[in-house]
1. When Lys56 is evaluated against the numbered criteria (1) assigned to a loop (DSSP other than H, G, I, E, B); (2) away from ligand 2 (no atom under 16 Å from the Cβ); (3) surrounded by fewer than 21 Cβ atoms within 10 Å (Cβ to Cβ), which criterion, by number, is the only one it fails?
2. Scan segment 226-256 residue by residue and report those that are open to solvent by 70 Å² or more (accessible area, probe 1.4 Å), away from ligand 2 (no atom under 14 Å from the Cβ) and not in a helix (DSSP H, G or I).
3. Being part of a loop (DSSP other than H, G, I, E, B) and touching a residue at least 40 places away in the same chain (Cβ under 8 Å) is the filter; apply it to segment 39-53 and report the residue that is least open to solvent (accessible area, probe 1.4 Å).
4. If a residue has to be in contact with a strand residue (DSSP E or B) (Cβ under 9 Å, 6 or more places away or on another chain), surrounded by fewer than 19 Cβ atoms within 10 Å (Cβ to Cβ) and within 22 Å of Arg239 (Cβ to Cβ) to count, how many in segment 174-205 make the cut?
5. Can you name the residue in segment 257-290 that is assigned to a helix (DSSP H, G or I) and more than 30 Å from Gln43 (Cβ to Cβ) and, of all such residues, is nearest to the chain's Cα centre (by Cα)?
6. From (1) in a helix (DSSP H, G or I); (2) surrounded by fewer than 16 Cβ atoms within 10 Å (Cβ to Cβ); (3) in contact with a Lys or Arg (Cβ under 6 Å, 6 or more places away or on another chain), pick out the condition that doesn't hold for Thr34.
7. Arg293: within 16 Å of ligand 2 (Cβ to nearest atom), more than 19 Å from the chain's Cα centre (by Cα) and in a helix (DSSP H, G or I), yes or no?
8. Please go through segment 121-163 and pick out each residue that is within 16 Å of ligand 1 (Cβ to nearest atom) and open to solvent by 10 Å² or more (accessible area, probe 1.4 Å).
Amino acid sequence: MKPGHSLMRHYLQFKDLRAEEYAYLFERARIIKTRFKNYERYQPLVDRTLAMIFEKASTRTRVSFEAGMYQMGGSVVHLTTGDSQLGRAEPAEDSARVISRMVDIVMIRTYEQSMLERFAAHSRVPVINGLTNEYHPCQILADIFTFIEHRGDIRGKVVAWVGDGNNMANTWLQAAEILGFTVHVSTPSGYEIDPAVAGVRDTNCYKVFNHPMQACEGAHLVTTDVWTSMGYEAENEERRKAFVDWCVDEEMMAVAQPDALFMHCLPAHRGEEVTAEVIDGPQSVVWDEAENRMHAQKALMEYLLLGRIG
Ligand code: CP
Ligand code: NVA
């Protein structure tokens, strides 16, 4: 980290940053995105290295972190379970001690949040959660940046979550508590959000509905995710049956606000959790959402490594 920037911060959950830090990051993401669109070189991370550790597959997370780091002048080391000693049971603690002596920042996509936490506890450098079974904070960072770009402040708004009580859902709840909006949640029975895992104290930041149509009523944003997340593939058939009514369609969008947005972290399965008409329709902002992963994470890496600019 930059000399003088002594307070090391990790980004393991959405609640690791405060509301005023998010306000700063959304503004930095806007500036960084504008410069990128104007082909202005901005390289504050020359000679800095990001290690990316993937224990699960990825398209967006890899491309957004890797391209973003190179654009900022840095470089990237890409590790997977299969091609590193992580796959041969080297402890997270030892991996962290070694990797963090050679790089400046680490991004990890893994299964249990506890692995990420053990790694972070033994890391000399900031660690970022690139998705765990429990949380996906970089995605919600980009999603809220996307909402702000299209509709302005998210405070006081209603976000409808239709589908699995998974890592994305948990992270939306954390974001609602910190940034002051409400999540209307509808999950099939047996796939509810566990408030203890979501880790929210304020039960006013979400409301649970039995039917997805009820959750969508009046929402400013409707969002969903795959029926089966990575790591849960053995439950695929069971989930296909349980989730059949949790498909975001035009009827659900029709009961939301007339200018409601649709988001999906992707990858999507048209005809399962969302119809093609909705994801490819006029209210969908999924491509902006995916692109914004890069701009938002550039702002995040800049903040964790250099602190506030200016
Ligand atoms: N949304 C997201 O994290 O996508 P990838 O799995 O492709 O990284
Ligand atoms: N909930 C999904 C998100 C993928 C980006 C998963 O964990 O597989």
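The values are calculated or read from the model by the stated rules, or taken from the named source; none is laboratory data. On a predicted model such as this, the values are computed, not experimentally measured, just so you know. Backbone-built Cβ (ideal geometry, glycine too); neighbour counts: all protein chains shown. Each accessible area value is taken on the protein alone, full model and side chains, heavy atoms only, with ligands, DNA and RNA left out. Shrake-Rupley method; radii C 1.70, N 1.55, O 1.52, S 1.80 Å.
1. (2)
2. Hits for segment 226-256 are Val244, Asp245.
3. The first filter runs over segment 39-53 and keeps only residues part of a loop (DSSP other than H, G, I, E, B), leaving 39-48.
Checking which are touching a residue at least 40 places away in the same chain (Cβ under 8 Å) leaves us with 44-45, 48.
Details: Pro44: 38, Leu45: 0, Arg48: 87 Å².
My answer is Leu45.
4. Summing the residues that are in contact with a strand residue (DSSP E or B) (Cβ under 9 Å, 6 or more places away or on another chain), surrounded by fewer than 19 Cβ atoms within 10 Å (Cβ to Cβ) and within 22 Å of Arg239 (Cβ to Cβ) in segment 174-205 gives 2.
5. Ile279
6. Single failed check for Thr34: (3).
7. no
8. Leu131, Asn133, Glu134, Tyr135
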